[in-house]
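Below is one structure, written out as structure tokens; comments come after it.
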Ligand code: 13P
């Protein structure tokens with residue numbers, strides 16, 4: 001790819017995979033697309049990364065997170081009386097990936113590794129079903145949470161070992177973005193150690209993903225667990241995000257080629273004082289404006305146990321005036337709950353379940369545009385889905 005220089009440019013050659021020389025920029029350089037990169041990093045995918053991130057962050061669209069690990073998918077299936085078999089997971093994911101019209105509202109879908117390599121019962125790759133609808137396939141690459149030794153019962157996220165070769169293989173299979181979810185617990189501290197570990201892990205993951213052509217979704221989930229106030233959530237979130245961006249910069253991550261997946265700033269799940277969508281929007285936008293450079297193309301929120309309607313109302317409130325970034329959704333529970341409850345594992349319910357998915361996707365699309373009203377929403381969509389100590 002062409003790289004033009006801004007001012008003085010120095011280029012170093014080093015050995016890449018199999019000894020191939022890789023051009024590495026060591027001073028600011030601008031790519032053809034106009035994005036600027038700094039520092040020593042392979043710039044081979046820069047233009048594609050920027051393009052992928054912009055495609056995902058298109059107006060009126062967001063991400064369908066359907067990347068539950070097999071264990072978590074098993075819990076979802078159990079909630080409608082189904083066994084956790086590969087065939088049942090395939091049937092459910094097929095329902096989601098083959099919903100006609102989904103691409104109007106959904107720009108990206110995060111998959112679990114099994115689904116990335118899986119075909120529908122008719123033998124078509126799930127990845128191809130998504131691409132046909134202009135939905136970018138993505139992949140969860142973290143290996144989950146384990147206890148963080150030396151901390152206050154906090155956790156850290158595994159998965160950096162072998163990540164370069166895994167992301168290269170996922171790119172070959174059609175993935176163009178990836179996701180790494182680590183968590184921060186407010187009631188357990190959070191300790192300096194846990195925040196540093198979370199931020200450093202996210203930054204290393206982001207750099208490795210970009211080197212292999214995948215747009216990293218950076219997700220330090222600040223858990224809803226606890227009885228703390230919304231002010232305390234804001235305080236912790238600012239600390240976490242400032243560290244995340246410090247380490248992203250230290251690792252020469254191209255900000256134009258990432259997406260963020262933050263938690264909304266809300267009171268703890270057990271805090272008696274609840275916040276309105278307008279308050280959640282005000283606090284969350286304050287956090288983002290203080291922490292996130294406008295170079296970042298998209299902020300794709302997680303739903304974190306909010307009800308479907310609550311997550312949509314909060315997103316809508318954040319889009320009542322223009323933002324420096326595309327402010328959208330990357331929901332799992334808040335897009336899938338009604339779908340599962342409608343499907344119930346019965347073939348005769350598949351069409352109705354697909355319609356339920358479209359209803360939620362369209363509602364969030366409208367919220368991304370700031371045009372959603374909760375009028376006529378089903379009671380089921382208003383039920384909270386918070387689970388204490390939730391794992392993904
Ligand atoms: P929820 O929207 O259910 O919180 O999912 C978050 C997530 O990380 C899925 O990829």
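Do we have residue 254 as within 15 Å of the ligand (Cβ to nearest atom) and in contact (Cβ under 8 Å) with a residue 24 or more places away in the chain here? In short, no. Among the residues of this structure, residue 354 does not count as one that is more than 16 Å from residue 103 (Cβ to Cβ) and out of contact with any helix residue (DSSP H, G or I) (no Cβ under 6 Å at 6 or more places or on another chain).
If we scan the stretch 76-85, do we find a residue that is away from the ligand (no atom under 16 Å from the Cβ), loosely packed, with under 15 Cβ neighbours inside 10 Å, assigned to a helix (DSSP H, G or I) and at pLDDT 95 or above? Yes, the stretch 76-85 contains a residue that is away from the ligand (no atom under 16 Å from the Cβ), loosely packed, with under 15 Cβ neighbours inside 10 Å, assigned to a helix (DSSP H, G or I) and at pLDDT 95 or above. Checking the structure you have, find out if any residue of the stretch 209-220 is out of contact with any helix residue (DSSP H, G or I) (no Cβ under 8 Å at 6 or more places or on another chain), in the same structural domain as residue 66 (by TED's automatic domain parsing) and either touching a residue at least 60 places away in the same chain (Cβ under 8 Å) or crowded, with 18+ Cβ neighbours inside 10 Å (or both). Yes, the conditions are met somewhere in the stretch 209-220. The selection criterion, being under 19 Å from residue 224 (Cβ atoms) and modelled with pLDDT under 95, holds for residue 269. Entry remark, the stretch 327-336: residues being crowded, with 23+ Cβ neighbours inside 10 Å and either within 17 Å of residue 97 (Cα to Cα) or away from the ligand (no atom under 16 Å from the Cβ) (or both) number 6 in total. The numbered conditions (1) touching a helix residue (DSSP H, G or I) at 6+ places or on another chain (Cβ under 7 Å); (2) farther than 23 Å from residue 372 by Cβ; (3) in contact (Cβ under 8 Å) with a residue 60 or more places away in the chain are all true for residue 308 except (2). Considering 313, 366, 358, the condition of being in a helix (DSSP H, G or I) and either modelled with pLDDT under 95 or within 16 Å of the ligand (Cβ to nearest atom) (or both) is satisfied by 313 alone. If you go through the stretch 100-137 and keep only what is in a strand (DSSP E or B) and more than 14 Å from residue 68 (Cβ to Cβ), you end up with 106, 107, 108, 119, 125, 136, 137. Residue count for the stretch 374-392, restricted to those that are assigned to a loop (DSSP other than H, G, I, E, B) and without any contact (Cβ under 8 Å) to a residue 40 or more places away in the chain: 2. Sort out which residues of the stretch 355-373 are touching a residue at least 24 places away in the same chain (Cβ under 8 Å) and either buried (at least 20 other Cβ atoms within 10 Å of the Cβ) or not assigned by TED's automatic domain parsing to the domain that holds residue 154 (or both), and write them in order of number. Those that are touching a residue at least 24 places away in the same chain (Cβ under 8 Å) and either buried (at least 20 other Cβ atoms within 10 Å of the Cβ) or not assigned by TED's automatic domain parsing to the domain that holds residue 154 (or both): 357, 360, 361, 363, 364, 365, 367, 368, 372.
The values are calculated or read from the model by the stated rules, or taken from the named source; none is laboratory data. The structure presented is a predicted model; accordingly, all values stated were derived computationally and were not measured. Please note: Cβ atoms are built from the backbone with ideal geometry, for glycine as well, and neighbour counts cover all protein chains shown.
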